[in-house]
């Protein structure tokens, strides 16, 4: 799997299965932008069946992905690129392709 780190705006969806991070532009296109997403806006983008809080943050998303396949880990979001890289190195070092 390959590392992926991107800086963008994220929707953080907190619920009964933890926090899911979704790229803001995945949910809202350029014609439909809001800074107050509702549960109905994001319900298709989370594994939470109970949504407790929705927030918008800017940061570095980090995950592993398998190019050409649908396989990938969940996004984790950090304030700095260094924090994102450290997270990947610490948690997924044995899965990273050279």
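Read the figures in this text as sums done on the coordinates, not as results from a lab. Note that the structure is predicted; figures quoted are calculated from it, not measured. Every residue, glycine among them, receives a Cβ derived from its backbone with ideal geometry; neighbour counts consider all protein chains shown.
Could you give the nm distance between label points at residue 9 and residue 25, where each point is 7 Å from its Cα heading toward the beta carbon?
Spacing of the two 7 Å Cα→Cβ label points: 1.1 nm.
Post the alpha-carbon centroid distance, region 1-19 to region 20-82, in whole angstrom.
5 Å
Given only helices, namely DSSP H runs of n ≥ 4 each adding -39500 (n - 2.57), what is the per-residue ellipticity at 222 nm of the chain, to the nearest 500 deg cm²/dmol?
That calculation yields -5000 deg cm²/dmol at 222 nm.
Which three extents, in angstrom, do the Cα atoms of region 2-95 have along their principal axes, listed largest first?
37, 27, 26
Most fluctuating residue of 23, 37, 67 in a GNM of the chain with Cα springs under 10 Å: which is it?
Highest fluctuation of the listed residues: 67.
Just 60, 21, 45 to compare: in a GNM of the chain, with alpha carbon springs under 10 Å, which one fluctuates most?
Highest fluctuation of the listed residues: 45.
Using only Cα atoms, tell me the angle between helix 81-92 and the longest principal axis of the chain; keep it within 0 to 90° and round to the nearest 10.
Relative to the chain, helix 81-92 is tipped by roughly 70 degrees.
Under a crude label model (7 Å from the Cα following the beta-carbon direction), how far is residue 58 from residue 83 in nanometres?
Here the answer is 1.5 nm between the modelled labels.
Gaussian network model of the chain, Cα springs within a sub-10 Å range: biggest mean-square fluctuation belongs to which of 64, 26, 88?
Result: 26 has the largest fluctuation of those listed.
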